[in-house]
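Participant: Below is one structure. I have some questions about it.
Values quoted throughout were computed directly from the atomic coordinates according to the rules given, and no laboratory measurement underlies them. Keep in mind that this is a model prediction, so the values were computed, not measured.
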């Protein structure tokens with residue numbers, strides 16, 4: 001993507017740890033989250049972005065009042081205490097949505113010269 005898109009990840013109400021079932025589902029894709037700690041996104045960070053994507057909760061209550069960016073809520077289920085089959089479905093849906101979002105953003109973003 002040649003630096004055209006910068007990604008910031010975190011939560012508005014982040015958990016204390018990555019759920020074990022999520023670690024297991026991601027390990028199936030050779031992604032190790034076992035030593036990761038969820039982080040909270042700050043209002044200053046939100047102020048600096050153009051697009052916020054939430055996974056099942058609106059960011060409207062944490063976005064700064066002066067923020068004019070776009071917010072998309074994907075309305076996904078929380079994987080906590082779900083069976084692995086459902087967590088896999090959530091994981092796969094996130095992957096599909098991210099690919100679609102990147103395709104959309106890259107088609108709208110002029111390439112750097």
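Participant: Please give the contour-minus-distance gain from residue 31 to residue 81: 0.36 nm per residue of separation, less the Cα-Cα distance, rounded to one decimal in nm.
Facilitator: 16.0 nm
Participant: How far, in nm, would the chain grow between residue 72 and residue 51 when pulled straight, counting 0.36 nm per residue and subtracting the alpha carbon separation? Don't jump to the answer; show the numbers that get you there.
Facilitator: Values: separation 21, 0.36 × 21 = 7.56 nm, distance 0.77 nm.
Gain on extension, residue 72 to residue 51, equals 6.8 nm.
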